[in-house]
Every structure is written in C-alpha cells, then in structure tokens.
Ligand code: NAD
C-alpha cells in the first residue's frame, strides 16, 4: 500500500519507519528538515511537500502536535494551502494526533464532502510503544473505515479499540491522558516524599510498583532519574512526551468537562500544575519532569 505520512516527530518518525519496515511504500513529510533527514537515513522516502506526499497514496496519516496544526494542514489557514483538495477521492485519512474531538469532526465532515474517508486514531504507549510498534489506538469513525485502516494500524500498534463515531477516539484519549497526568503527579509526590525522608528511590519505587500504589509510571516511566534506564528521567527528561503536550491534553480535558458540566477537580489541578511547570521553563522537557516541582533545588 502507498501511504503518505505527515509529521515525523517523536511519535510519527518511528511509526512511519515501522510502516516502511513492514513493506509499505511510505512517502513522508515534516516541516522540520532534521527529522526528515533522520528518517531518510533509515531508507524512508521524503517528499518535497505534504501535497507531493499524498500523490498516489491510498492512505494519509498525520501525527501533528495540536488541533490548529491538523486544521491548518487539511483545511488551510494563514496562507497555508489546504491539503484536502490534493487528496484523491476514495483515500482514507488516519489522524493520530491528539486534538479536540470537534476539530476531528470538522475535518472529517470536509473530507466526507470530498469523498474521502476519515478516522481519528490517537495513540497511547509513548515513544517506546511507537518504536516497538505496540501502541494502543483509540479509533473514532465508521466500522468500514476502521476495517480499511486496521491492516495499517496493526503495523504500528498492538491494541486497536473502536471508541465510537468520529471524535470518540479523541474523547477516550483525553480521559486516559487526564488520568496519566494526575498519576504522574501523584507518583512524583510519593517518590519525592520518600527520598526526602531518606529512602532509596529505586527501592521505594519497587515497593510501590508491587503494592497497591502500582501504576504505569512505576512500571515503565519512573519520574526519578536512574530508576528506569530508558525513561526520559534518566536522559535529562529529553525525548518522550513534552510537558507542553500534556498541558494541551489537560486543557482539552477541561474543555470537554466544561461542555458536559463534568466534575474533574484533580484534572483541573493537574492542568494548573503543568502550566506552572511550563511557565518555569520546562515546557519542552518530558512531562515526568513535573517531579522537579516537589524536589529541593540542588
Ligand atoms: P512532536 O512535536 O515531536 O512532533 C510533531 C511534528 O509535527 C514535528 O516534527 C513538527 O515539525 C511536525 N509538524 C507540525 N506541523 C506540520 C505540518 N503542517 N506539516 C508537516 N509537519 C508538521 O510531537 P509528538 O511527541 O510526536 O506528538 C505528536 C502527537 O501525538 C501530539 O498530538 C501528542 O499529543 C500525541 N502523543 C504523543 C505521545 C508522546 O509520548 N510523545 C504519546 C501519545 C500521543
């Protein structure tokens, strides 16, 4: 299958590479030349533009930071040409970015009017999951479009869930990430408390991992440097999932909560804490760096 892949950042790069390794013809594009060069070195074809990338593609995948990027890409904005008119009728768009459900629905409607299929398929599993091809996809869209996407998604992920109609994948994703944002703060707080009281972070983490406080951060993504060799915390909080991306997702969760008059007190507090952390200059660092808020400065 010929696949256009737009957005080759922390997640999109390894996802596109897995499709290439699986034997698909991938035409990839990103505005950032450095990430294009890195993927080209792995043998992936880099297109000169997004419009070039979609020529001849049966499937178009996008993995961009936020709603504004996805809307600008497909529908055009501020002088940027819309990509939709360059995509052939009958093509399927898979947008894996985490964005507002309303934006997914807006782009899906425009795609449908042009005879193009659309599913929202945000992911969970982090950069490690993207590299290993074990992501979890949360899909919003029709059964038929999901079945068309399935063989492609299976090359990038281990779990594929159909959450409902277009936009439902995004709603599931922000519920999950609100929980993740909260549990990373709670985990950081507990480890910082133990360390401040003389405990070894590795020993404490292992005790909690196997006790009733066990969670994904303790399992795979410990916020304390040196506990998990491959976690961003052990690499100066580089790579991984940026604080600013977590802040965006918590903002989306609060918008959804406002719209439905839901009570999300910890989600609201978590958003405020990540916002303060971002303002203090940690926006580009991995979100597990939130532990710095609970630690004494060296
Ligand atoms: P990233 O910032 O590393 O990558 C985004 C890429 O999109 C950048 O390379 C940027 O240059 C490119 N881009 C932006 N606008 C573009 C355009 N118009 N045309 C082409 N390229 C464009 O972000 P990421 O960490 O890869 O995350 C991507 C999405 O996945 C986000 O919505 C994020 O919330 C979500 N997500 C991230 C993780 C994670 O662990 N990093 C996990 C799950 C979901």
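The values are calculated or read from the model by the stated rules, or taken from the named source; none is laboratory data. Just so it is clear, the model here is predicted, and its values are computed rather than measured. All Cβ positions, glycine included, derive from the backbone under ideal geometry; neighbour counts span all protein chains shown.
When residues of segment 251-298 are filtered for being without any contact (Cβ under 8 Å) to a residue 40 or more places away in the chain and not in a helix (DSSP H, G or I), how many remain? Of the residues in that region, 5 qualify.
Here is a check on your reading of the model: is residue 186 within 25 Å of the chain's Cα centre (by Cα), free of Cβ contacts under 8 Å to residues at least 40 places away in the same chain, in the same structural domain as residue 229 (by TED's automatic domain parsing) and surrounded by fewer than 16 Cβ atoms within 10 Å (Cβ to Cβ)? Yes: the conditions hold for residue 186. Would you call residue 112 touching a strand residue (DSSP E or B) at 6+ places or on another chain (Cβ under 8 Å) and loosely packed, with under 14 Cβ neighbours inside 10 Å? For residue 112, the condition - touching a strand residue (DSSP E or B) at 6+ places or on another chain (Cβ under 8 Å) and loosely packed, with under 14 Cβ neighbours inside 10 Å - is met.
A single entry from 31, 73 fulfils the requirement of being within 10 Å of the ligand (Cβ to nearest atom) and outside any helix (DSSP H, G or I): 31.
In this structure, does residue 88 turn out to be outside any helix (DSSP H, G or I), over 30 Å from residue 231 (Cβ atoms) and within 13 Å of the ligand (Cβ to nearest atom)? Taking the combined requirement at face value, the residue does not satisfy it.
Identify the residue in segment 115-150 that is more than 12 Å from the ligand (Cβ to nearest atom) and in contact (Cβ under 8 Å) with a residue 40 or more places away in the chain and, among all such residues, is surrounded by the most Cβ atoms within 10 Å (Cβ to Cβ). Ranking the qualifying residues of segment 115-150, first place goes to 118. Annotation note: of 23, 56, the sole residue that is touching a residue at least 40 places away in the same chain (Cβ under 8 Å), outside any helix (DSSP H, G or I) and farther than 30 Å from residue 287 by Cα is 56.
Only one of the listed residues (170, 105) is out of contact with any helix residue (DSSP H, G or I) (no Cβ under 8 Å at 6 or more places or on another chain), closer than 23 Å to residue 66 by Cβ and assigned to a helix (DSSP H, G or I). That residue is 105. Assess whether residue 79 counts as being at pLDDT below 95, at positive phi and more than 11 Å from the ligand (Cβ to nearest atom). Taking the combined requirement at face value, the residue satisfies it.
Among the residues of segment 84-102, those that are surrounded by fewer than 24 Cβ atoms within 10 Å (Cβ to Cβ) and touching a strand residue (DSSP E or B) at 6+ places or on another chain (Cβ under 9 Å) comprise 84, 87, 90, 91, 92. Across segment 9-18, the qualifying residues are those that are in a helix (DSSP H, G or I) and touching a helix residue (DSSP H, G or I) at 6+ places or on another chain (Cβ under 7 Å), and the one among them that is farthest from the ligand (Cβ to nearest atom) is 17.
Filter segment 46-70 down to the residues that are more than 11 Å from the ligand (Cβ to nearest atom) and out of contact with any helix residue (DSSP H, G or I) (no Cβ under 8 Å at 6 or more places or on another chain) and list them by number. Listed by number, the residues that qualify are 48, 52, 56, 57, 58.
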